[in-house]
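Below is one structure, written out as structure tokens, with a few remarks after it.
The values are calculated or read from the model by the stated rules, or taken from the named source; none is laboratory data. Predicted, not measured: the structure shown is a model, and the values here were computed from it. Note that we place each Cβ from the backbone using ideal geometry, even for glycine, and neighbour counts take in every protein chain shown. Please note that ligands, DNA and RNA were not included when accessible areas were found on the heavy atoms of the full protein model with its side chains. Shrake-Rupley method; radii C 1.70, N 1.55, O 1.52, S 1.80 Å.
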Amino acid sequence: MTDTTPSKASNFIEQIIMDDLTSGRVEKIRTRFPPEPNGYLHIGHAKSICLNFGLAEQFGGTCNLRFDDTNPEKEEEEYVNSIMEDVSWLGFKWDRLCYASDYFQQFYEWALELIRDGKAYVDHQSADEIRETRGTLTRPGKNSPYRERTVEENLSLFESMKRGEIEEGACVLRAKIDMANPNLNMRDPVLYRIMHRDHLRTGGEWCIYPMYDFAHGYEDAIEGVTHSICTLEFEDHRPLYDWLIDNVSVPSRPRQYEFARLNLTYTVMSKRLLLILVNEGLVSGWNDPRMPTISGIRRRGYTPSAIRAFCREIGVAKANSMVDIEFLHHVIREELNSDAKRVMAVLEPLKVVIENYPEGKTEMIEAENNPERPEDGTRQLPFSRELYIEREDFMEEPPKKFFRLSPGKEVRLKHAYLITCTEVIKNEEGEVVELRCVYDPESRGGEAPDGRRVKGTLHWVSAAHGERAEVRLYDHLFTRRDMSDLEEGKTFRDYINPDSLRTLKNCILEPGLGAASPRERFQFLRQGYFCADRDSTPDRPVFNRTVALKDSWAKTVQKDQTN
């Protein structure tokens with residue numbers, strides 16, 4: 001058998017696995033990605049997906065996709081399907097598809113085992129009373145008045161809970177550990193609660209459901225998971241994870257390890273807050289391109305390889321930190337700069353009439369598809385007397401270093417000719433609506449035959465051949481850089497960016513772009529990287545801007561390196 005173990009670890013989890021394989025503690029690693037199907041996955045989950053599946057691939061092991069479906073109140077089939085789609089889109093294949101609900105009977109048997117051993121009891125205190133008697137970090141908790149019930153009484157009550165004879169909220173099953181433990185998670189945590197509602201897979205078969213902390217370790221043990229990798233907030237839960245494993249007859253002994261979760265600037269990573277954004281109509285849905293969800297990022301034009309590269313580059317650490325979202329933009333920009341076809345698109349059109357160009361004439365201009373990849377070849381663009389240029393590329397009274405078009409000034413049309421503005425046409429409101437120009441017929445290809453220097457180069461689209469389209473420009477969904485640290489008295493709603501979406505309805509694209517398939521990616525020259533939206537049709541093209549051309553992250557890195 002080929003040894004797939006790396007010779008050197010790049011992070012602490014890799015080192016743990018290497019040590020375990022070398023020592024013989026494990027023969028083959030098994031990991032799992034265990035989302036709860038109560039929402040769509042986001043970019044933070046992508047880090048966990050890449051880590052768990054990536055480690056399994058790297059060390060010749062396997063990884064399960066497991067749905068922690070222990071709360072029927074919040075879980076839906078829609079979320080199950082979206083999660084499977086996201087994991088597959090990222091390029092990973094699970095060894096087994098599992099559900100916590102597959103193990104409900106076994107969980108119940110282990111709960112009975114804890115009760116028979118005097119390590120669990122049924123508590124009739126209310127949720128508020130349990131909370132009040134739990135204590136604090138500086139004050140121990142108080143024992144429940146029901147803590148010393150006999151094994152027989154607890155077994156009988158738990159059976160009644162299971163049979164649906166007790167109303168929801170009347171009692172819970174708690175572990176019997178230590179109400180003075182310095183770790184609050186060990187102060188007789190709740191293991192089971194009553195919920196009289198149908199489950200998306202088991203229907204009405206059960207009316208008691210295990211808490212996540214109870215189910216988590218047992219799921220790992222059943223599946224033979226060797227390395228249960230969680231985010232850092234579960235570090236304080238690890239003693240309970242171990243206690244539950246140690247106190248019943250499990251088939252295997254998993255171990256839990258924690259790593260820092262991903263936090264991004266200008267966004268939120270809470271599924272609860274993301275659900276509010278969706279339900280209150282603050283975004284168009286879970287796959288709104290402004291959302292940090294994998295489906296939103298996918299719709300915006302990100303690629304699986306870019307997401308995997310981003311997760312790889314930010315690494316795996318033991319301490320939480322904030323990652324600048326500009327680094328995510330930088331990663332996709334680097335990839336698309338290499339791969340994306342260059343095209344002409346005028347987002348805010350201004351008409352140009354070349355008066356000395358023959359009426360009715362159309363000539364084809366050769367343009368390279370991607371200067372980074374000569375093997376991608378060239379295409380033919382129609383050029384005619386009437387064109388559109390970008391409105392911001394003209395100023396009637398330009399400042400000193402404005403190198404684009406203005407009255408009497410000559411500029412280069414990309415791949416085509418040099419033109420000079422001779423007249424400005426305005427409407428009754430004084431707005432510029434058309435430019436009259438002349439061209440140099442000897443300058444085809446954009447170079448002056450006499451060698452004169454022209455600084456400005458503009459993109460353009462033939463008016464007679466261009467295709468009208470809708471283009472959506474996206475910005476940060478929130479205005480505050482660190483959404484985990486809000487000003488006193490404010491909520492996340494106070495920082496929603498009113499300019500996070502700008503929709504341009506009358507853009508002009510070079511011919512052929514209307515036939516682009518959803519998620520097909522392009523660089524709009526001088527504008528940024530765009531992809532066809534799922535709403536796009538040949539007669540009504542719609543494009544989303546993935547990222548602008550300007551790379552502030554790269555400039556920051558270059559500046560740091562020179563200091």
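By the rule of a C-alpha distance below 22 Å, with chain neighbours fewer than 8 residues away ignored, the lysines paired with LYS162 are LYS74, LYS119, LYS176.
Relative to the longest principal axis of the Cα atoms of the chain, the long axis of helix 77-89 makes an angle of roughly 60 degrees. With a Förster radius of 22 Å applied to the beta-carbon distance between GLU159 and ASP246, the computed FRET efficiency rounds to 0.30. Checking the cross-link filter: which aspartates and glutamates have an alpha carbon closer than 17 Å to that of LYS490, excluding same-chain neighbours under 8 positions apart? Answer for LYS490, where 17 Å is the Cα cut-off: ASP482, listed by chain and number. Dividing the mean sequence gap of close Cα pairs (under 8 Å, 6+ apart) by how many residues the chain holds gives a relative contact order of 11 percent. Out of the total accessible area of the chain (probe 1.4 Å, heavy atoms of protein only), what percent is carbon and sulfur? After summing per-atom areas, the C and S share lands at 45 percent. Each of VAL432 and LYS74 was given a label point 7 Å from its Cα along the Cα-to-Cβ line. The distance between the two points is 5.4 nm. Reachable lysines from LYS550, Cα under 19 Å, same-chain residues fewer than 8 places away excluded? Correct list for LYS550: LYS341, LYS559.
To the nearest ten degrees, helix 104-116 and the longest principal axis of the Cα atoms of the chain are 40 degrees apart.
Distances between placed amide hydrogens fall under 5 Å for VAL461 paired with TYR388, all partners being 5 or more residues away or on another chain.
Whole-Hz Karplus values for segment 311-322 come out as 5, 5, 6, 6, x, 10, 10, 9, 10, 5, 8, 9 Hz, taken residue by residue from phi with 6.51 cos²θ - 1.76 cosθ + 1.60 and θ = phi - 60°; glycine and proline positions read x.
The phi-based Karplus calculation (6.51 cos²θ - 1.76 cosθ + 1.60; θ = phi - 60°) puts the 3J(HN,Hα) values of segment 450-467 at 8, x, 5, 8, 10, 7, x, 10, 10, 8, 7, 9, 5, 5, 6, 10, x, 10 Hz, whole numbers, x for Gly and Pro.
Distance from the C-alpha centroid of segment 164-191 to that of segment 337-358: 67 Å, rounded to the whole angstrom.
From the mean inverse distance of alpha carbon pairs (Kirkwood) and the Cα radius of gyration, derive Rg over Rh for segment 96-150.
On the way: Rg = 15.4 Å, Rh = 13.7 Å.
Reported Rg/Rh (Cα atoms, Kirkwood Rh): 1.12.
What is the gain in length, in nm to one decimal, between GLU355 and GLU168 on full extension, counting 0.36 nm per residue of separation less the C-alpha to C-alpha distance? Show your work: numbers first, answer last.
Numbers: separation 187, 0.36 × 187 = 67.32 nm, distance 8.09 nm.
Between GLU355 and GLU168, full extension yields 59.2 nm more.
Scalar couplings 3J(HN,Hα) for segment 391-405, obtained by applying the Karplus form with A = 6.51, B = -1.76, C = 1.60 to θ = phi - 60°, are 4, 6, 7, 10, 9, 6, 10, x, x, 4, 9, 8, 9, 9, 7 Hz; x denotes Gly and Pro.
Residues whose amide H comes within less than 5 Å of that of ARG32, counting only those at least five positions distant or on another chain, are ASN64, ILE229 (H built at 1.01 Å from N in the peptide plane).
Using the structure shown, select from LYS351/LYS426; LYS28/LYS318; LYS409/LYS455 the pairs with a Cα to Cα distance greater than 18 angstrom. Write out the running numbers ahead of the final one.
Numbers: LYS351/LYS426 11 Å; LYS28/LYS318 24 Å; LYS409/LYS455 10 Å.
Over 18 Å apart, Cα to Cα: LYS28/LYS318.
DSSP beta bridges confined to the chain are antiparallel in about 65 percent of cases.
Per the Debye formula on identical point scatterers at the alpha carbon atoms of the chain, with no solvent, log10 I(q)/I(0) at q = 0.05, 0.09, 0.10 Å⁻¹ is -0.32, -0.81, -0.93.
Helix-derived [θ] at 222 nm for the chain: sum -39500 (n - 2.57) over DSSP H runs of at least 4, divide by residue count, nearest 500?
Working: 13 runs with 146 residues, N = 563.
Rounded to the nearest 500, the figure is -8000 deg cm²/dmol.
Distance from the Cα centroid of segment 450-484 to that of segment 521-542 is 12 Å (rounded to whole angstrom).
Relative to the dominant Cα principal axis of the chain, helix 151-162 is inclined by about 40°.
On a per residue basis, the chain carries 46 Å² of accessible surface, using protein heavy atoms and a 1.4 Å probe.
Among the cysteines of the chain, those whose beta-carbon sits 4.7 Å or more from every other cysteine beta-carbon are CYS63, CYS98, CYS171, CYS207, CYS230, CYS421, CYS437, CYS507, CYS531. Given R0 = 30 Å, the distance between the Cβ atoms of ARG481 and THR138 translates into a calculated FRET efficiency of 0.30.
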